[in-house]
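Note sheet for the following structure.
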Amino acid sequence: MFEISSVVFLQSILNGLVLGWIYILMALGMSLILSITNILQFSHGEVYMLGAYVAYYFSVVLGLNFFAAILISVMLMAVLGLVLERFFFRRLRAEFLSSMIVALGLMITIQSGVTLGFGINPKAIPSFAPGSIGILGTRIGSDRIIAVGISVVLTLLLFLFLKRSKYGLALTAAPQHREACILLGISPDHMSALAMAIGSALAAVGGALMGSTLVLNTFMGSTALLKGLIIVVLGGMGSLLGVVVGGLILGLVDGVVLVVFGPVAASVAPLLLVVVILVVKPMGLFGHEF
Amino acid sequence: MSSKRKPTNTLIILVFIVFLLLVPVFLKSSYWLHVLSIVGINVILVASVHTIWCTGELSLGTAGFMAMGAYSSALFVMRGELSVWGAVPLGGLLCAIVAVALGYPFMRAKGIYFSILTLLTGEIFRLTAWYYRSLTGGPLGLSGIPSPEPIKIPGIALITFDSKISYYYLILVVVLLSLLILFRLQKSQVGFTWRTIRERDNLAASVGINVLWYKIFAFAVGCFFIGIAGALFAHFMHLLAADASGKFGMFTSIYILIYMVVGGEKKFAGPVIGAIILTLLPEVFRPMQEYRPIVFGALVIFIIFFMPQGIVDLPYRFLSWGRKIIGP
């Protein structure tokens, strides 16, 4: 173990929180799609990666403002989500295994397609908010603070949308009783499409923020997919609070363990932690049986 | 699923086995024998995962258990001075024991929770091999893994395993044996109970079936054969490395899952056919280089959409089309 000062420790906690909030954006979409359309969206990581590359393309190659590029990316990815739902997942609605394999096929196709288009080398989006802010002796980039801010606001908006708005309530009702929803005039297909669009848009934001603050390469999707899966099962399916808590736990473990125990522990610890938590609570922290 | 075996099926299988036995006679290229040996290992893997899937649980820890079988068998021979013939089954046995030990806590989690648990456990196994440098060579890899010792049949022959051809036959024999065991198991009372659990686990429990132990048994059997496949892989490659993009990375587990469903998970032959075709296809598309993954992904989606029962259903579809055209 290394000797670490409290400042370094605090810094690692802050980094972990930043990581955690970006993971949460990614995992919220996965959890939403999984609980509403019952699809394990394996290509969600690639939507996230594609979102980052679209933002890169518009902000670096075409020279647009970064936030405008994020907005374009979000809209494009929402449309992509709709397309995926309509042409790929809708016809496999009741088949969990088949839809999962189609998602895996999409994952392989999109990943290698983007690698062909943009090349295998990592890209960089210049920081959208240069400079840093000091908190208790630690330095944290202002772009990361803005990223966390965006992430928190979007999570709250999603929470409000799902709990307060008519469409949000319809969305949560759709997976519970299909026939009853049809009788009430809620189309489960439209709700699935809505979930895919929202989920993909959130992934695009997460990807773009990740791409501008930490890494941007064509394999970021696979890493993010694994993190997203871990968060979804850690928090428990169908629980927004679970996703937020799971994401923060994972982010903190990633950030703190790396600094305190070194890289070996950092790659094993999160996996081990999730295995232990799932063994103790088989439905995740906040999960419940449908 | 009819329990009566059709004579045509037996005939097709026999012809196929004879064909496989004759392959090295007209295929001299050691490259293709290497590819076919990898196909054989994938077939064992996919049949094992299919056996676990009989209980309704998807294991994504294939690569991890394969790594465990491979490294343990290699180390039994290199450090423990064991014969390869003893080390390979021991590697499988170790995987089965670990599977029983892990199965007890893991099987409380169902569905995707179980899949993610096994995926993460597999990654932990791989990372252990990656970081435990003194034992496994770490990032440098474990090299110099010996081939199986020659078998001496007094007065008849001495079979050595230093060429691709002899190893091809060894893998073929192990694959056929494993498939036979797994097939008999899936068609037995145990296999019937497994499928009962997949359909309705609560109902199965209510008629006195010990759901937990049957699931653990399936998991252990699957992991045993995955371990055997890994051990064969180790003595075949002579070199093991546990990097994320290698054979022990989580993509192997995902690909095995794809083979299973694309082949058709409803029948025993489906996953086997899926593994054979989908492992050979990228070799056929080799000239296309970087476009291969795109073609593979698109093909997988295409097959799921247009052959929902998998590739194995294709002959039956042709038959029913034929009947429609010709008339009954």
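None of the figures in this text is laboratory data; all of them are computed from the coordinates on show. These numbers were taken from a predicted model, which means no experiment stands behind them. Heads up, the Cβs are rebuilt from the backbone with ideal geometry, glycines too, and the neighbour counts pull from every protein chain shown.
The table that follows gives values for the structure above.
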{"read-out": "For the protein assembly as shown, with +1 on Lys and Arg beta carbons and -1 on Asp and Glu, the positive-most of A:V274, A:G134, A:G251 along the dipole", "value": "A:V274"}
{"read-out": "Spread of Cα-to-Cα distances over 10 Å intervals beginning at zero, given as percent, for chain B", "value": "6, 24, 34, 25, 10, 2, 0"}
{"read-out": "Exposure rule at most 10 other beta-carbon atoms within 10 Å, DSSP loop GluC sites (Glu not before Pro): chain A longest free segment", "value": "A:4-288"}
{"read-out": "Diffusion constant of the stretch A:122-233 at 4 °C, which comes from Stokes-Einstein with the Kirkwood Cα-pair radius and 1.567 mPa s, µm²/s", "value": "78 µm²/s"}
{"read-out": "Mean separation of Cα contacts under 8 Å, 6 or more apart, over the residue count of chain A: relative contact order %", "value": "37 percent"}
{"read-out": "Computed label-point distance, nm, for sites B:K28 and B:V173 using a 7 Å Cα→Cβ extension", "value": "2.6 nm"}
{"read-out": "Furthest towards positive pole of dipole, A:A174, B:L203, B:S134, structure part the protein assembly as shown, Cβ charges", "value": "B:L203"}
{"read-out": "Ellipsoid equivalent to the stretch A:168-290 - semi-axes via the Cα gyration tensor, in Å", "value": "32, 20, 9"}
{"read-out": "The stretch B:171-228: trypsin sites (Lys or Arg not before Pro) in DSSP loop, at most 14 other beta carbons within 10 Å", "value": "B:R200"}
{"read-out": "Rh by Kirkwood over Cα pairs, then Stokes-Einstein D for the stretch A:196-239 at 1.567 mPa s and 4 °C, µm²/s", "value": "114 µm²/s"}
{"read-out": "Value at 222 nm in deg cm²/dmol, rounded to 500, when DSSP H runs of n ≥ 4 in the protein assembly as shown each add -39,500 (n - 2.57)", "value": "-24000 deg cm²/dmol"}
{"read-out": "Volume of the Cα convex hull of the stretch A:44-128, divided per residue and given in Å³", "value": "93 Å³"}
{"read-out": "Principal axes of the stretch B:159-236: Cα extent on each, largest first, Å", "value": "54, 20, 16"}
{"read-out": "Candidate aspartates and glutamates - alpha carbon under 16 Å from B:K164, same-chain residues fewer than 8 apart omitted", "value": "B:E149"}
{"read-out": "Chain B, relative contact order [Cα under 8 Å, separation at least 6], %", "value": "30 percent"}
{"read-out": "Kirkwood Rh and Cα Rg combined as Rg/Rh, the stretch B:78-224", "value": "1.06"}
{"read-out": "Whole-Hz couplings from phi, Karplus 6.51/-1.76/1.60, listed for the stretch B:205-219; x for Gly and Pro", "value": "5, 5, 9, x, 7, 7, 4, 4, 6, 5, 5, 4, 4, 4, 4"}
{"read-out": "Degrees separating the helix A:6-37 axis from the principal Cα axis of chain A, which is the longest one", "value": "10 degrees"}
{"read-out": "Overall dimensions of chain A by Cα: Rg and Dmax, Å", "value": "18.9, 64"}
{"read-out": "5 Å binning of all Cα-Cα separations within the stretch B:24-130, expressed as whole percents from 0 upward", "value": "3, 11, 17, 21, 18, 14, 9, 5, 2, 1, 0"}
{"read-out": "The stretch A:202-267: relative contact order in percent, alpha carbon pairs under 8 Å with at least 6 residues between", "value": "16 percent"}
{"read-out": "Per-residue mean of C-beta atoms belonging to partner chains within 10 Å, peptide A:79-90", "value": "0"}
{"read-out": "Helix A:188-213 axis, angle to chain A major axis (alpha carbon atoms, nearest 10°)", "value": "10 degrees"}
{"read-out": "Folded to 0 to 90 degrees: helix A:263-280 orientation relative to chain A principal axis, Cα", "value": "40 degrees"}
{"read-out": "Two-site label geometry, A:V61 and B:L158: point separation in nm, points 7 Å out along Cα→Cβ", "value": "6.4 nm"}
{"read-out": "For the protein assembly as shown, radius of gyration divided by Kirkwood radius, i.e. Rg to Rh on alpha-carbons", "value": "0.98"}
